[in-house]
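Below is one structure, written out as structure tokens; comments come after it.
The values are calculated or read from the model by the stated rules, or taken from the named source; none is laboratory data. Nothing here was measured: the structure is a model prediction, and the numbers come from that model. No Cβ is skipped: glycine too gets one built from the backbone with ideal geometry, and neighbour counts run over all protein chains shown.
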Amino acid sequence: MNVTQEHLREEFDAYVASDKKIEPKDWMPDAYRKTLIRQISQHAHSEIVGMLPEGKWIGRAPSLQRKAILLAKVQDEAGHGLYLYSAAETLGVERADLVDDLLSGKAKYSSIFNYPSLTWADIGAIGWLVDGAAIMNQVPLCRCSYGPYARAMTRVCKEESFHQRQGYSIMMQLMKGTDAQKEMAQDALNRWWWPSLMMFGPSDSESTHSSQNMKWNIKRFSNDELRQRMVDMTVPQAECIGLKMPDPDLKWNEEKGGHDFGEIDWTEFYDVIAGNGICNKERLEERNKAHDDGAWVRDAAVAYSEKRKANKQR
Amino acid sequence: MSENKSNWPLWEVFVRSRQGLGHKHVGSLHASDAEMAIGNARDVYTRRQEGVSIWVVPAESISASSPSDSEALFDPANDKVYRHPTFFVLPDEVNHM
């Protein structure tokens with residue numbers, strides 16, 4: 001790093017530390033740009049892949065209203081992916097390259113979406129827990145130092161609370177139903193609870209990107225802090241509708257003013273990230289198939305636009 | 001690759017949230033032409049009645065000032081505080097002007 005670069009870097013760090021915003025054409029360190037491209041595109045990919053487990057239930061929703069709600073929710077996820085790709089592009093990357101990285105398996109997305117959605121109650125659990133965890137992660141990002149990302153997150157968060165409520169409402173309704181329906185809800189909570197806690201990422205001591213991102217105001221709270229909030233928020237919500245938390249070690253700790261909870265199975269977490277989750281292969285195949293099947297539409301649209309342009313010029 | 005040929009250009013999207021307000025930049029999207037860009041903008045940026053009117057502009061048509069010019073462009077206003085009414089002190093008897 002030469003003297004000018006070093007000086008710019010110091011100025012940048014001080015500017016960001018004073019809670020000011022960076023906009024696309026401003027000077028920024030390469031590492032800042034890189035980490036944002038990585039985080040925002042992974043976030044976008046997660047929204048896109050996140051449509052798959054829920055999309056499977058659109059055709060099997062138990063009522064027309066639930067179907068319309070789920071359809072709107074899944075459409076929102078597509079929208080969130082698009083806001084985020086748009087934010088990533090302001091950093092000088094091409095959308096097509098980002099999409100290629102997802103399709104080739106080079107880029108990561110949230111590992112939660114590599115779990116299967118087996119029953120209708122899973123749609124409840126996903127909205128309630130997965131979107132709940134996402135909100136917990138995303139609300140602080142609305143104040144992130146990079147303007148376009150912060151603005152995209154503000155839009156996302158506004159829409160996300162509908163997602164969480166519709167999920168909880170599915171669980172509520174099932175818990176008012178027959179024994180079999182209650183069992184179905186409990187089973188969904190049992191399967192989604194631990195993966196939802198894993199969504200906050202590795203424990204603070206293990207997290208690779210945390211400390212620099214905290215300094216750059218990309219990240220505001222540590223993984224463990226946010227995870228603790230998620231536990232404290234969810235426990236009373238589960239109790240209220242008669243669901244039992246699937247954690248024998250869970251208990252209120254008066255001293256810390258929060259719950260103590262059991263050890264997360266990090267082997268499972270890293271195994272799913274490494275590509276060995278139940279649905280990793282299926283998700284990527286489905287994305288690739290959708291992309292390939294849509295190729296003629298993209299080509300046709302370009303051909304149509306060119307033809308119309310030519311007709312106008314004539 | 002034929003893939004690159006079908007990459008749709010980037011459009012910047014501006015939305016008027018209600019009559020009486022100006023269009024505001026909300027983000028960008030890809031579309032093959034202006035008509036499709038408006039259709040996509042409607043789906044992506046106005047799912048909850050956020051707008052009553054949409055502008056789409058090819059991103060490459062926008063000229064922007066450079067952050068390195070910001071001193072030259074915007075600093076001269078710094079020493080012209082008399083452009084603000086608070087520069088002029090009024091006698092106590094005159095409350096509003």
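Some observations on this one:
- Residue check: A:Tyr32 meets all listed conditions (1) over 28 Å from A:Leu284 (Cα atoms); (2) surrounded by fewer than 19 Cβ atoms within 10 Å (Cβ to Cβ) but one, namely (2).
- Selected residue (only one of A:Asp249, A:Asp292, A:Asp271 is outside any helix (DSSP H, G or I), of a type in the set (Asp, Glu) and modelled with pLDDT of 95 or more): A:Asp249
- On the stretch given as the stretch A:270-314, residues that are within 12 Å of chain B (Cβ to nearest Cβ) and among the charged types (D, E, K, R) total 8.
- Filter result (among the aliphatic types (A, V, I, L, M) and farther than 19 Å from A:Arg227 by Cα) within the stretch A:109-159: A:Leu118, A:Ala121, A:Ile123, A:Ala150, A:Ala152, A:Met153, A:Val156
- Residues within the stretch B:46-97 that are surrounded by 10 or more Cβ atoms within 10 Å (Cβ to Cβ), part of a loop (DSSP other than H, G, I, E, B) and among the charged types (D, E, K, R), tallied: 3
- Within the stretch A:50-71, the set of residues being in a helix (DSSP H, G or I), in contact (Cβ under 8 Å) with a residue 24 or more places away in the chain and either facing chain B (nearest Cβ under 9 Å) or of a type outside the set (Val, Ile, Thr) (or both) comprises A:Met51, A:Leu52, A:Pro53, A:Glu54, A:Arg60, A:Arg66, A:Leu70.
- Residue check for A:Gln166: touching a Gly at 6+ places or on another chain (Cβ under 6 Å), assigned to a helix (DSSP H, G or I), surrounded by fewer than 21 Cβ atoms within 10 Å (Cβ to Cβ) and not basic (Lys, Arg): yes
- Verdict on A:Glu89 being in contact (Cβ under 8 Å) with a residue 24 or more places away in the chain and either more than 13 Å from chain B (Cβ to nearest Cβ) or buried (at least 17 other Cβ atoms within 10 Å of the Cβ) (or both): no
- Among the residues of the stretch B:19-69, the ones that are away from chain A (no Cβ under 11 Å) and among the hydrophobic types (A, V, I, L, M, F, W, C) come to 8 in all.
- Identity of the residue in the stretch A:92-124, among the small types (Gly, Ala, Ser), in a helix (DSSP H, G or I) and over 19 Å from A:Gly201 (Cα atoms), that ends up farthest from the other protein chains (Cβ to nearest Cβ): A:Ala121
- Residue in the stretch A:57-72 that is of a type in the set (Ser, Thr, Tyr) and exposed (fewer than 15 other Cβ atoms within 10 Å of the Cβ) present: yes
- Looking only at the stretch A:206-239, residues that are polar (S, T, N, Q), surrounded by fewer than 16 Cβ atoms within 10 Å (Cβ to Cβ) and not in a loop (DSSP other than H, G, I, E, B) come to 2 in all.
- Per the conditions (1) assigned to a helix (DSSP H, G or I); (2) within 14 Å of chain B (Cβ to nearest Cβ); (3) not hydrophobic (A, V, I, L, M, F, W, C), the sole criterion not satisfied by A:Arg33 is (2).
- Within the set A:Ala180, A:Ala152, the sole residue that is at pLDDT 95 or above, small (Gly, Ala, Ser) and either under 12 Å from A:His80 (Cβ atoms) or within 14 Å of the chain's Cα centre (by Cα) (or both) turns out to be A:Ala152.
- Residue check, A:Gly132 within 14 Å of chain B (Cβ to nearest Cβ), touching a residue at least 24 places away in the same chain (Cβ under 8 Å) and in a helix (DSSP H, G or I): no
- Check on A:Glu77, within 14 Å of chain B (Cβ to nearest Cβ), touching a Leu at 6+ places or on another chain (Cβ under 8 Å) and under 28 Å from A:Gln173 (Cα atoms): no
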